[in-house]
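Worksheet: one structure, shown below.
The values are calculated or read from the model by the stated rules, or taken from the named source; none is laboratory data. Quick caveat, the model's predicted, so the values are computed rather than measured. In this analysis, Cβ positions are derived from the backbone assuming ideal geometry, glycine residues included, and neighbour counts consider all displayed protein chains. Heavy atoms of the whole protein, side chains included, go into the accessibility calculation; ligands, DNA and RNA do not. Shrake-Rupley method; radii C 1.70, N 1.55, O 1.52, S 1.80 Å.
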Amino acid sequence: MSNDTTTEPAQEPTQEPAPASPVKEPAASGLPSWAVQGLVSLSAIVLALVVGAILIIVGDDQVKAAVGYFGAAPLDTLSAALTAVGEAYKALAVGALGGMNPIAESLTQATPLICGGLAVSLAFRTGLFNIGAQGQLIIGAILAAYVGFAWHLPPVLHLVLAIVAGLIGGAIWGGVVGLLKARTGAHEVIVTIMLNYVAIYLLQWLLTTTAFKRPGREDPISPIVDANAQYPQMGDTRLHVGFLLALLAAVFVWWLLNRSTIGFELRAVGANADASRTAGMSVGRAYLIAMVVAGALAGLAGTQQVLGTDLPLTDGVAASIGFDAITVALLGRGTPLGTVLAGLLFGALNAGGLQMQLQTQTPLTLTTVLQAVIVLFVAAPALVRSVFRFLPKERGIGAVLAKGWNG
Amino acid sequence: MTSTAQDVVREPAPAAIEAPADRTRRLRVGGLMLVFALIGLGLAIFTGGGKATFQLVSGDLQNNLLGVPAQPVALLLGLLGLVAAGAYVVRRVPQRYSGWLAVVLGICFIGAFLCWAAAGKTFPLANQFQGTLNFATPLILGALAGVLCERAGVINIAIEGQFLVGAFTAAVVSSTTGSATAALIAAAVSGVLMAWLLAVFSIKYLVNQVVLGVVLVVFASGITGYLFDQFLQEDAENLNTPSVLSAVKIPGLGDIPFVGPILFNQTVLVYLTYIAVAVVTFVLFQTRWGLRVRAVGEHPKAADTVGIRVKRVRYSAVLWAGVLAGLGGAFFTVGYAGSFSKEMTAGNGFIALAALIMGRWHPIGAMVAALFFGFATQLQSQLQIIQTPIPGELLLMAPYLATVIAVAGLVGRVRAPKADGEPYVTE
């Protein structure tokens, strides 16, 4: 039991060759990097569907029955398995894309995911992990809902004010994180996780107060927001104008990151904070700006929930959007376009998953597994490559941003 | 932790030279302490008349009651807290002992608060401590798991996921085998499996560990949710009726008045937690393996040059941590609630993460922080029972706000292991 390593016999200083270290190897193929990323993402989706298929087979009643007489008729098991997987995935696909209503539902589901994903992506590009989209979304939803049901204003103005309130709420909740990071160095991951819980308890508490509680109801639910403050519906579906705002937000983030001076500073700080500081940029200011804008984007997602999809404010208003937003941003690789695409994919999975649950009794939780596995594979391209050997080499998203608590 | 050598001068110390940074910190912390002291005093002033009664044996409403005059005691404690905070601000106590002033203030504040809440009522004090330990048990195990991982340089945000999987496995194995031992072992194994995912993806595939942690939590919630929907709900009778561990009284120790029933009449899992705290502390700071773990977490390259196999040490630390987190998960089902339900760990894994940070990556510190969080959670439910005007939700926020304050550097400096979260790549 010695506390002194130098006295122990030196073990062979083996350098196990770092297995396919993605850090050092740039894209070696002739393909442009977006194509490689697209291929890896597609492969990850395929692999995730395979994992999902296994889960469906394991959980299916017919398969369970057929396994009972596997020895007598092994093909029955196989055909039962194939039928189960085929039917579930068919229901998923039809539920997500089969017709106007399913597509509208997919887009509705995608709307807050895109905004939340943008909130995570923007912070990502500045070198910050915004795990707090959930909390920012909740605070945004609280303020937007309050303006929505407590004030009574003419059309358009009311909606605009409610949206602005939501943006401000999210911006404050995000800004606190940026400010603490800039002033004290408090790590944003920890602060955002903690503030998520503070936000949800704040919401639960507010829903017990007279200001927020719906008169005549005992359960935690607020009054419905005024019709004037609601996002107009598009056609006869649940889809609302908030979806267009989400796309506008994506364009805005693209402009901010790629065409504005501030965006350049944000990206510079994200790429190398020390170098940016040496170059005379204010790193703290970049953190603050990034988190304020990110918070506002998450707040926008909150308004879409409470003014568009879920009219009254409840303690489930955020569902798991803030966390799904993280996986959306990861899948989208921190770019606005990627985030929109990833948000659409996850929205479609959610909408299709609901139909799948209705029609084939395959639980909705399967889509959660699918989403997690997709991102897991996307984050570890080396693993995907070990299955699909034809894929060219690519840097993992994680490796680019690999830094610890002290970073 | 931050005691500096500068302060060798004794009693009439204020003349000692103080670095500007220390001064700022002292004033900041002191200010915070004064705020708390004043809140405590304010509560004391508004304490109602009559007696505050504290119940010393749970469930016993007749005997073993401790009645104190509420307002005088609250005022006394409030003033004492104010003195402690004041003494900290004006440096009347050698710096070495100044940490104790915060402890005194904390106890005074909680005491004054309880007197205020319990004035004219009966506060179940024994229940309070019993519940504190109950809530804290999984938090301590989770935080210890985090300590092991992060001391080795692997960030573990996935404690929540390990909890969920552990809880699920324990419930299923306990229901099918009926054996508590098998359930605990299975929970530990499932925790190790989750930890293995964490290890492979972070150490081998160099995936960013924060990303990975988040994704693993989603994965765990998805997979346990799916299996719950597909199997446990359909056949709850056979798969989701685990037997809850029964309390085992330790002879002798369990008979100590007040403390005995709280600490030594508990389930095996709680005893395992005591042992785990001691073992992790000992192993981490007294053994060769512990030194290696800390070395690869602080400076993997240096460790590598003296012949320590960085990745191997990291793997072993992460996998052992999985055992602890899996057991922590088992607490939710076989240790407490019985049957499994979706998302039943309800963010406790993240509180464990908070406890680990508040505890400054030290097993004992993590345990103290976990107990504090458990105390706040239990206090919230107690106060709802005796009906105080404080909303329970605000009390539930306390641990999280405390953590934000801690990482913002208001209370001492919180420093992670140097290489925490950085994958090690040999060149």
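Under the condition of being more than 25 Å from A:Leu311 (Cβ to Cβ) and part of a helix (DSSP H, G or I), which residue from region A:121-144 is farthest from the chain's Cα centre (by Cα)? Among them, the one singled out is A:Arg125.
To keep it simple, each residue is scored yes or no on (1) closer than 30 Å to A:Ala88 by Cβ; (2) open to solvent by 30 Å² or more (accessible area, probe 1.4 Å); (3) not polar (S, T, N, Q).
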residue: B:Ala236; (1), (2), (3): yes, yes, yes
residue: B:Val244; (1), (2), (3): no, yes, yes
residue: B:Gly260; (1), (2), (3): no, no, yes
residue: B:Leu272; (1), (2), (3): no, yes, yes
residue: B:Thr287; (1), (2), (3): no, no, no
residue: B:Val293; (1), (2), (3): no, no, yes
residue: B:Glu298; (1), (2), (3): no, yes, yes
residue: B:Gly307; (1), (2), (3): no, no, yes
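When A:Ala227, A:Ala268 are checked against the criterion of being touching a helix residue (DSSP H, G or I) at 6+ places or on another chain (Cβ under 6 Å) and in the same structural domain as A:Leu206 (by TED's automatic domain parsing), a single residue qualifies: A:Ala268. Exactly one residue out of B:Phe340, B:Phe282 is within 14 Å of chain A (Cβ to nearest Cβ), modelled with pLDDT under 95 and under 23 Å from the mean Cα position of the chain (by Cα), and it is B:Phe340. For region B:172-221, enumerate the residues that are small (Gly, Ala, Ser), in a helix (DSSP H, G or I) and more than 30 Å from A:Ile190 (Cβ to Cβ). Result: B:Ser174, B:Ser175, B:Ala180, B:Ala182, B:Ala183, B:Ala186. Looking across region B:388-405 at every residue that is open to solvent by 30 Å² or more (accessible area, probe 1.4 Å) and in contact (Cβ under 8 Å) with a residue 24 or more places away in the chain, the one that is farthest from B:Leu43 (Cα to Cα) is identified as B:Ile405. Does A:Leu244 satisfy the condition of being of a type in the set (A, V, I, L, M, F, W, C), more than 18 Å from A:Gly322 (Cβ to Cβ) and surrounded by 20 or more Cβ atoms within 10 Å (Cβ to Cβ)? No; evaluated as a whole, the condition is false for this residue. Residues in region B:174-196 that are touching a residue at least 60 places away in the same chain (Cβ under 8 Å), among the aliphatic types (A, V, I, L, M) and open to solvent by 30 Å² or more (accessible area, probe 1.4 Å): B:Ala180, B:Val189, B:Val192, B:Leu193. Quick check: anything in region A:8-29 surrounded by 15 or more Cβ atoms within 10 Å (Cβ to Cβ), modelled with pLDDT of 50 or more and not basic (Lys, Arg)? No, region A:8-29 has no match at all. Once region B:197-213 is narrowed to residues that are aliphatic (A, V, I, L, M), within 23 Å of A:Ile54 (Cα to Cα) and open to solvent by 10 Å² or more (accessible area, probe 1.4 Å), the residue that is farthest from the chain's Cα centre (by Cα) is B:Val200.
Out of all the residues in region B:73-95, is one or more open to solvent by less than 30 Å² (accessible area, probe 1.4 Å) and polar (S, T, N, Q)? Among the residues of region B:73-95, not one is open to solvent by less than 30 Å² (accessible area, probe 1.4 Å) and polar (S, T, N, Q), which makes the answer no. Annotation note: Cβ proximity below 6 Å between a residue of region B:408-427 that is under 16 Å from B:Val207 (Cβ atoms) and a residue that is modelled with pLDDT under 75 and aromatic (Phe, Trp, Tyr) (sequence gap 6+ or interchain) occurs for B:Asp420/A:Trp405; B:Gly421/A:Trp405.
Within the option set B:Ala302, B:Ala278, being closer than 17 Å to B:Ala143 by Cα and in a helix (DSSP H, G or I) holds for one residue only, B:Ala278.
Every listed requirement among (1) of a type in the set (Phe, Trp, Tyr); (2) touching a residue at least 24 places away in the same chain (Cβ under 8 Å); (3) away from chain A (no Cβ under 14 Å) is met by B:Tyr271 save one, (2). Go through region A:203-217 and give me each residue that's open to solvent by 60 Å² or more (accessible area, probe 1.4 Å) and in a loop (DSSP other than H, G, I, E, B). If the condition is that a residue be open to solvent by 60 Å² or more (accessible area, probe 1.4 Å) and in a loop (DSSP other than H, G, I, E, B), then A:Thr208, A:Thr210, A:Pro215, A:Gly216, A:Arg217 are the ones that fit.
When each of B:Ala44, B:Ala87, B:Ala37, B:Ala52 is tested for being closer than 29 Å to B:Leu263 by Cα and of a type in the set (A, V, I, L, M), the lone residue that passes is B:Ala52.
Taken over region A:172-186, the criterion of being open to solvent by 20 Å² or more (accessible area, probe 1.4 Å) and either within 20 Å of the chain's Cα centre (by Cα) or within 9 Å of chain B (Cβ to nearest Cβ) (or both) is satisfied by A:Trp173, A:Val176, A:Leu180, A:Arg183, A:Thr184, A:Gly185.
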